[in-house]
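Trainee: My structure is below; once you've seen it, I'll send some questions.
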Amino acid sequence: MNPPTFEYFAPTGIDEVIDILAKYPGEAKILAGGQSIIPLLKSRISSIPYLVSLSEVKGLSYIDEGSEGVRIGAMTIDSDLENSDLVKKRFPILHDATEQLADPLVRNVGTIGGNLSHADPANDLPAVMIALGARFTLRGKGGSREVEAKDFFLDTFTTALEPEEVLTEINIPFWGKKSGGAYVKFKKNTWNFSVAAVAVQLELDGNRCRKAHIATTSVSPKSGRMEKAEKALIGAELNDHAISKAAAEVATSSEPVSDSYGPEEYKREILRRITREAINKALSRAGGN
Amino acid sequence: MELSEKLVRGEGRFVDDIQMPGMLYLGFARSQYARAKILKISGAHLTHKEVNFEVVEVGEGATEGGPTALSHPVLANGYVGYVGQPVAAVYSDDRYTAEDLIDSVEIEYEPLKAIVDPEESLKREAMYPGVRSNAIVDRYFGKEFTPDPSDIVIERRLVNRRIATNPIEPRGIVAAYDGNKLTVWVSTQSAHSIKEGLSEALKMEPDRIRVVQVDTGGAFGLKGGLFPEYVVACYLAMKERRPVKWIETRREHLLASRPGRGVVANLKLYAKRDGTITGLKGDVIVDNGAFTGGSGEFSPMFIARQLAGAYYLPNAHVRALSVLTNKAPQGPYRGAGRPEAMYFIERLVDGLADELKMDPVELRLINAAKETYTSPLGMQVEKSRAFLESAIKELDYEKYKEKENVGFAFLILYHATAGGESARIKVEDGRLKVWTGGNAHGQRHDIFIKTLLKEELGVSEDLVDALKGDTDQLQDGVGAWGSRSSMVLSSAVIVAARKIKEQIEKKHGKYTLKALLDGNWDEYEFFKYDKTESSLGANLVTADVDGYGRVRVKECLSYYDAGRVLDPDNARGQNAGGAVQGIGQTLSEELAFDEDGLPLITSISDAGVLSADLVPKFGIKFHKSESPLPSKAKGIGEAPTIGVPIALSRAIEKATGKLIVETPIKPEYLLPAGKD
């Protein structure tokens, strides 16, 4: 199929991008890697009158290590994250996710900013960023503001971005010394979305859990923190009992629906099992058992 | 250059590559409802009022006779029977505008309660006025018999759910008209069946229609016949005197092409305690869809007749039904009734082995036909025991049995040899041009045509042009399906070559290559053949299932009787491709519908097609028992889609201990119980 008519802009400066967004509020959308928006247009599920490409804007693709954390430019492609030694060393959870994100063709074009801004609850990176406690820089008419990942995703395909704002940077803070995370994804074949996936990031205090962030993919209208499950871990010794309890909490508090990926109960059960797997993996990476 | 090399280099010329000045792009507004009356259509260029033709089926499995109340209207005639049915057509100078126009067509419906499940359909009101029953086929095969009360009975409800054929290239056509002659370029398995179908639908003299097959990017049975969209494209080309192009989108393919399988069987297999099969009873129900014009009028009979498998079956009584449902018409898909029949009998045989606590392959040996005979269901079953004995050895079954979750399939493949095939060889300017009634749509017909001409005439491969189907170059032809080309098409080429040789001998006293290449020769041969040939095959598949119920197919081995193997590389390619489709059918491919008949699968990513990471290691060995045809070959194109689902289902049964009765096997069914 072919998309309905749209006007295409490829400005070279971010201010110009924001000007165009402001000129057509709600009708203009950012085109980053196009891995979600192009299929939506081509299948005529969406119609977008004005597309503003970021491809000509310089300086939006980087992975920089600072003293407090890592800053990632919004136009950084998924395969750059996948192949980054820094990401692999400091945030193995993000390496897990980018290595399994769709297929290599998508990863070579798809961007972190696009993956997050699209706010598809089946996209992998929202849950990972929530688990990591990342902060997003949003540029608009009046300058920049920062939003926490957990407050960015409002609903399916809906974010805290104002119509004239652009996500420009993702800032992931370093976690404590005994910390680690994992992203476990269950999918039927390479190119498809997941049946369910879960992101777990832990910090240990001796053999007890000091901090825990858990977020899911594909099983709720939006990715968000699974606070009940986190509570089952925080302060606890991460033995089988605590892990099972947290996994059961994740399964219970998720909201999967029956569809061609499987019935609701199946998805819950998969989620429960992959959550156990993810907590164990995160624990071992944090230097626990 | 070989055809396959040309295609791999990106030098193929597919139907969507054709550009002509003044070309119109055609699009279809399609039904949103599975079953509804149409109250009003506005904003369309063409509706049934103007284009009131019906499509009569053509291609493999075609039955005789003209349009009936159940024929597929080219554009909906006051009612719709499935989501995706073409209701109205629009066209424009460019494809983008044509797609905009589709969105602007407004159709008012009065929805009716859809009939989705074939077994429920038998209990529901007739789908159309004037139709007595929703069973459009209801026939018995074999003879009623009284089983011995001491016999063991294995009873199963077995299901092969609907799947899309999903060739890489969807359906497509370009039509042009010069005031007298209609020329059609089409992605097809048979130029001649498209010509015949168009002539009937448009009521045009056949000699005013030329059909040319362009490079065809996969077909798998789908592209054997004519479709409503093609008739509209031709009508419009004649009306506007402009070339018209229609290219199917993947979404249209998933909604409104002719999906395969969609068969339920309720069967009882009877046997003695020693494992000897004594009889088979039950029914086979084909989910026909809403109209004829697919293969639903033919497939239940074809399935029922093959249910003896490769075994000796003394008694059988099977009812074969095809039932109306609010879905697109069922069509042939690689094997077209063969995989269903073998799946049903083979699952029963595995069930019997479990009941008797026997080795399933040992049980197959007991029941393999010792002599060729005609089964009570009507098909000739060739003697199969000796083949099975060598298959067990060649596939190293005893070794795998010890170490792996192994499944074994024993199959008979009935080739669509009946009807024969045509070929024409024309020699001019020192080169040979060859046209054949069937042509490659993903295979490599050109290779064996060149091999055979080298053998027959001593002419080197680079002097032969194996050309695509063209009804103006070849007066008659059948098509490429049913594992037939290596048998009847190759034989037509051989006979045509021998005719030229004879002529040269007559003229020059003896045959020389120089006389061939210096002369002008032109021979057409319609190789007539009335018999349905068959060949035996076996598959061995090993698989593991992990703690999440995920299946990992490890090895997929084939042992097929290919007769003389004309092109080993192509045979290996056919084996791998067919096996991938067989695995896809078993694990994930399905066109699912909700209770209102709305399709749940509208994107290729959800259609369950296997991705490369799930493809196992393949192996094939050939059994070479020559066929009685001049080419001595036997077709194997459909063997893997028959054998692999059977063997894989059994391997999964071994791995999980769960009874497998359906394809695809739902992942949730395989999920092992939680340990905590």
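No value in this document is a laboratory result; all are computed from the given coordinates. Since this is a predicted model, take the numbers as computed values, not measurements. Here the Cβ positions follow ideal geometry from the backbone for every residue, glycine too, while neighbour counts run over all protein chains shown.
Trainee: What lysines sit close enough to residue B:426 to cross-link, taking a C-alpha to C-alpha distance under 16 Å and skipping anything fewer than 8 places away on the same chain?
Mentor: Qualifying lysines at Cα under 16 Å: B:450, B:454, B:468, B:499, B:501, B:514.
Trainee: Taking neighbour counts of Cβ atoms within 10 Å as a proxy for exposure, in what order, fewest first, do B:408, B:141, A:9 appear?
Mentor: Going from least to most buried by this count: A:9, B:141, B:408.
Trainee: Work out from phi, with θ = phi - 60° and the Karplus expression 6.51 cos²θ - 1.76 cosθ + 1.60, the ³J(HN,Hα) of each residue of the stretch B:119-124, listed in order in whole Hz, and give x for Gly and Pro.
Mentor: Ordered by residue, 3J(HN,Hα) equals 5, 5, 4, 5, 9, 8 Hz.
Trainee: Size of the stretch B:183-228 along its principal axes in angstrom, Cα-based, largest extent first?
Mentor: On the principal axes, the stretch B:183-228 reaches 30, 16, 14 Å in Cα extent.
Trainee: In addition: For the stretch B:227-297, state which trypsin sites (Lys or Arg not before Pro) are in a DSSP loop and have at most 16 other beta carbons lying within 10 Å of their beta carbon.
Mentor: Values: sites: B:239, B:241, B:245, B:250, B:251, B:261, B:268, B:272, B:273, B:281; in loops: B:241, B:261, B:272, B:273.
Those that pass, being in a loop and sparsely packed, are B:241, B:272, B:273.
Trainee: Can you list the chymotrypsin sites (Phe, Trp or Tyr not before Pro) in the stretch A:138-229 that are in a DSSP coil and have 10 or fewer other beta carbons within 10 angstrom? Kindly include the intermediate steps, with their values, before the conclusion.
Mentor: Working: sites: A:152, A:153, A:157, A:174, A:175, A:183, A:186, A:191, A:193; in loops: A:157, A:174, A:175, A:191, A:193.
Qualifying residues, ordered by number: none.
Trainee: Which distance in Å, rounded to a whole number, links the C-alpha centroids of the stretch B:84-126 and the stretch B:208-228?
Mentor: The distance from the Cα centre of the stretch B:84-126 to that of the stretch B:208-228 comes to 23 Å.
Trainee: For chain B, what relative contact order do you get, as a whole percent, if you take Cα pairs closer than 8 Å and at least 6 residues apart?
Mentor: On the way: 1731 pairs, mean separation 103.9, N = 676.
Computed value for chain B: 15 percent relative contact order.
Trainee: Moving on. Whole number please: convex hull volume per residue of the Cα set in the stretch A:1-97, in Å³? Before the final figure, lay out each step's value.
Mentor: Numbers: hull volume 12.4 nm³, N = 97.
About 128 Å³ per residue, rounded to a whole number.
Trainee: For residue B:278, what residues show an amide H to amide H distance below 5 Å, using hydrogens built from the backbone and excluding near sequence neighbours?
Mentor: B:270, B:271, B:272
Trainee: For the stretch B:85-205, compute Rh as the Kirkwood radius over C-alpha pairs and then the Stokes-Einstein diffusion coefficient at 4 °C and 1.567 mPa s; write the answer in µm²/s, rounded to an integer.
Mentor: Numbers: Rh = 21.1 Å.
For the chosen part, D equals 61 µm²/s.
Trainee: Sticking with this one: Viscosity 1.306 mPa s, temperature 10 °C: what is the translational diffusion coefficient of the stretch A:49-103 from Stokes-Einstein with a Kirkwood Rh over Cα pairs, rounded to a whole number of µm²/s?
Mentor: Numbers: Rh = 12.4 Å.
Diffusion coefficient, whole number: 128 µm²/s.
Trainee: What ranking, highest mean first, results for peptides A:248-260, B:528-540 when packing means the other Cβ atoms within 10 Å averaged over each residue?
Mentor: Values: A:248-260: 17.7, B:528-540: 21.5.
Ranking the peptides A:248-260, B:528-540 by packing returns B:528-540, A:248-260.
Trainee: Taking Cα atoms, how many degrees apart are the long axis of helix A:14-23 and the longest axis of chain A, rounded to 10 and kept between 0 and 90?
Mentor: Helix A:14-23 and the main axis of chain A meet at about 70 degrees.
Trainee: Quantify how much of the Cα-Cα distance distribution of the stretch B:238-296 extends past 12 Å, in percent. Before the final figure, lay out each step's value.
Mentor: On the way: 1345 of 1711 pairs.
Roughly 79 percent, rounded to a whole number.
Trainee: Compute the distance in nm between two label points, each set 7 Å from the Cα along the Cα-to-Cβ direction, one at residue B:108 and one at residue B:460.
Mentor: 7.3
Trainee: Computed over the Cα atoms of the protein assembly as shown, what is the convex hull's projected area averaged over all directions, in nm²? Can you show the working numbers first?
Mentor: Values: hull surface 171.9 nm².
Seen from a random direction, the Cα hull of the protein assembly as shown projects 43.0 nm² on average.
Trainee: What's the Cα-based Rg to Rh of the stretch A:179-285, Rh via Kirkwood?
Mentor: Expressed as Rg/Rh, it is 0.98.
Trainee: Going by C-beta contacts inside 10 Å, put B:397, B:343 in order with the fewest on the left. Working shown, then result.
Mentor: Numbers: B:397 19, B:343 30.
With the fewest neighbours first, B:397, B:343 line up as B:397, B:343.
Trainee: If we restrict to alpha carbons, what Rg and Dmax does the stretch B:421-527 come to, in Å?
Mentor: 12.9, 41
Trainee: If one puts a single equal scatterer on every Cα of chain A and applies the Debye formula without solvent, what log₁₀ I(q)/I(0) results at q = 0.08, 0.10, 0.16 Å⁻¹?
Mentor: Taking Cα atoms of chain A as identical point scatterers yields -0.33, -0.52, -1.25.
Trainee: Ranking request for peptides A:60-66, B:173-179, B:96-102: highest mean number of other beta-carbon atoms within 10 Å first, then the rest in descending order.
Mentor: On the way: A:60-66: 14.6, B:173-179: 20.3, B:96-102: 18.4.
Averaged packing, sorted descending, gives the order B:173-179, B:96-102, A:60-66.
Trainee: Given the C-alpha centroids of the stretch B:520-559 and the stretch A:1-68, what is the distance between them in whole angstrom?
Mentor: That distance is 48 Å.
Trainee: Counting other beta carbons within 10 Å of each residue's own, what order do B:586, B:542 fall into, fewest first?
Mentor: Working: B:586 29, B:542 23.
The fewest-first ordering by Cβ neighbours comes to B:542, B:586.
Trainee: Cross-link partners among lysines for residue B:113, C-alpha distance below 30 Å, same-chain residues fewer than 8 apart left out?
Mentor: Partners found: B:37, B:40, B:49, B:123, B:327, B:666.
Trainee: How high is the relative contact order of the stretch B:122-205, in percent, counting Cα pairs under 8 Å that sit 6 or more residues apart? Working shown, then result.
Mentor: Numbers: 31 pairs, mean separation 9.6, N = 84.
Rounded, it is 11 percent for the stretch B:122-205.
Trainee: Rounded to the nearest whole Å³, what is the per residue volume of the convex hull around the Cα atoms of the stretch B:605-659?
Mentor: On the way: hull volume 9.0 nm³, N = 55.
Convex hull of Cα atoms, per residue: 163 Å³.
Trainee: Same structure again: Along its principal axes, what span do the Cα atoms of the stretch B:522-631 show, with the longest given first and each in whole Å?
Mentor: Its Cα atoms span 55, 35, 25 Å along the three principal axes.
Trainee: Can you work out ³J(HN,Hα) from phi for every residue in the stretch A:5-13, in order, using Karplus 6.51 cos²θ - 1.76 cosθ + 1.60 and θ = phi - 60°, giving whole Hz and x for Gly and Pro?
Mentor: In residue order, the calculated couplings are 4, 9, 9, 10, 10, 9, x, 9, x Hz.
Trainee: With Kirkwood's inverse mean 1/r over C-alpha pairs for Rh, give me the Rg to Rh ratio of chain B, two decimals please. Mind showing how you got there, number by number?
Mentor: Working: Rg = 25.2 Å, Rh = 25.9 Å.
Here Rg/Rh amounts to 0.98.
Trainee: Using only the alpha-carbon atoms, how far is helix A:240-253 inclined from the longest principal axis of chain A? Give it as 0 to 90 degrees, nearest 10.
Mentor: Here the helix axis deviates by roughly 40 degrees.
Trainee: If you don't mind, there's one more thing I want to ask. For chain B, give the share of DSSP beta bridges that are antiparallel, in percent and rounded to the nearest 5; count only bridges with both residues there.
Mentor: On the way: 89 of 118 bridges.
Percentage antiparallel, nearest 5: 75.
Trainee: Can you run phi through the Karplus equation (6.51, -1.76, 1.60; θ = phi - 60°) for the stretch A:35-40 and list ³J(HN,Hα) in whole Hz, with x for Gly and Pro?
Mentor: Using θ = phi - 60°, the values come out as 6, 10, 5, 5, x, 5 Hz.
Trainee: While we're looking at this one, here's another question. Which lysines have a Cα lying under 23 Å from the Cα of residue B:357, excluding residues fewer than 8 positions away in the same chain?
Mentor: The qualifying lysines are B:268, B:272, B:281, B:393, B:399, B:401, B:403, B:654, B:658.
Trainee: Would you mind giving the average projected area, over all directions, of the Cα convex hull of the stretch A:7-53 in nm² with one decimal? Intermediate results must be reported in sequence, preceding the final value.
Mentor: Details: hull surface 12.4 nm².
Its Cα hull, projected and averaged over all orientations, spans 3.1 nm².
Trainee: Please report the relative contact order for the stretch B:481-525, taking Cα pairs under 8 Å with a sequence separation of at least 6, and give it as a percent rounded to a whole number. Provide the component values of the computation, followed by the final result.
Mentor: On the way: 20 pairs, mean separation 18.6, N = 45.
With pairs under 8 Å counted, the relative contact order is 41 percent.
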